[in-house]
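The structure appears right after this line, and notes come after that.
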Amino acid sequence: MSNLDSDRARFERQYDVPALTMERLDVYADLLRHWQRAKNMVSNTTLDQFWSRHVFDSYQLLELGRPDANWVDLGSGAGLPGLVVALGRTVSTEKMTSGSVTLIEANGRKCAFLRAVSRETKVPVTILNNRIESVSIPDLPHSPDIITARALAPLDKLTELMVPLMAPETVALVHKGQDFASEIEKASKYCDFDVIQHKSQLDDRSVILALSKLRLRS
């Protein structure tokens, strides 16, 4: 068994992933490898860690936010974490009757990839080919319940990007590494927010920050 196969098996066992979801994630993995040859969708050094690093890290968000919520993913890139959330939340052959996933990505080639995965897996997502700064709540199909971001920007910059997209009850789920405490301190100089720290299931030194009541300081 290859490392990729063993990583896939560990991921499936860890989350007890439904068979249909695994099939869709396999389609995603195949498309990513195909597009990577020409488009450089993710770092080449992490492609062989697709399951252990990328999917595992993204999928854990479904345990922190309602799958039937309206999700908005910032700077989606190759779909991490937003596309994994979309593939994971649709657990039957029928389209979910509530909730949505919107992916915001400025790179046109990566948007084409996201559309290809959505088409091939038959999992609906809304893809906005825009810079995050140019998007506000009226541009979204639904007011966001959950905003996600992974490996996008330092927290002070990220909170600035999120403020125009935060409705009163919106929660932002943000992946952060071992320097998260200093990032929180720096961001707190410019924004007010409530924060809950969830330990990452991938790395004991990392966290997922749940931010709410986010607002710029006057």
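Along the Cα-to-Cβ line of ASP156, 7 Å from the Cα, sits a label point; which residues in the range 178-204 have backbone N less than 15 Å from it?
What the label zone holds, given the 15 Å backbone N cut-off, is 180-192.
Testing the spin-label approximation: label points 7 Å from Cα along Cα→Cβ at GLU169 and LYS213. State their distance in nm.
1.7 nm
Stokes-Einstein diffusion coefficient for the range 22-99 at 25 °C in a medium of 0.890 mPa s, Rh from the Kirkwood formula over Cα pairs: what value in µm²/s?
Rounded to a whole number, D works out at 185 µm²/s.
I'd like the antiparallel share, as a percent to the nearest 5, of DSSP beta bridges with both residues in the range 3-216.
In the range 3-216, DSSP labels about 50 percent of beta bridges as antiparallel.
Rank these for me by crowding, TYR15, TYR28, TYR59, TYR190, going from fewest to most other beta carbons within 10 Å.
Going from least to most buried by this count: TYR190, TYR15, TYR59, TYR28.
Hey, can you rank 203-209, 138-144, 113-119, 99-105 by average C-beta count inside 10 Å, highest first?
For the peptides 203-209, 138-144, 113-119, 99-105, the packing ranking is 99-105, 113-119, 203-209, 138-144.
Among 161-172, 146-157, what's the highest-first ranking by average C-beta atoms within 10 angstrom per residue?
Packing proxy ranking, top to bottom: 146-157, 161-172.
Hey, what's the per residue convex hull volume over the C-alpha atoms of the chain, in cubic angstrom?
Taking the convex hull of the Cα positions in the chain, it is 116 Å³ per residue.
Return the calculated 222 nm mean residue ellipticity for the chain, to the nearest 500 deg cm²/dmol, obtained by summing -39500 (n - 2.57) across DSSP H runs with n ≥ 4 and dividing by the residue count.
-10500 deg cm²/dmol
State, as an integer percentage, the relative contact order of the chain based on alpha-carbon contacts under 8 Å between residues 6 or more apart.
The value is 17 percent.
Step through the table entries LYS39/LYS157; LYS122/LYS199; LYS39/LYS189; LYS122/LYS157, compare each Cα-Cα distance with 29 Å, and write down the pairs that go over it.
Exceeds cut-off: LYS122/LYS199; LYS39/LYS189; LYS122/LYS157.
List, in order, the whole-Hz ³J(HN,Hα) value for each residue of the range 98-105 obtained from phi through the Karplus relation with A = 6.51, B = -1.76, C = 1.60 and θ = phi - 60°; use x for Gly and Pro.
3J(HN,Hα) across the range 98-105, in whole Hz: 9, x, 7, 10, 10, 10, 10, 8.
Rule-based calculations on the coordinates, nothing more; no lab input. The shown structure was predicted, so the numbers you read here are calculated from the model rather than taken from an experiment. Neighbour counts are summed over all protein chains in view; Cβ atoms, including those assigned to glycine, are modelled from backbone coordinates with ideal geometry.
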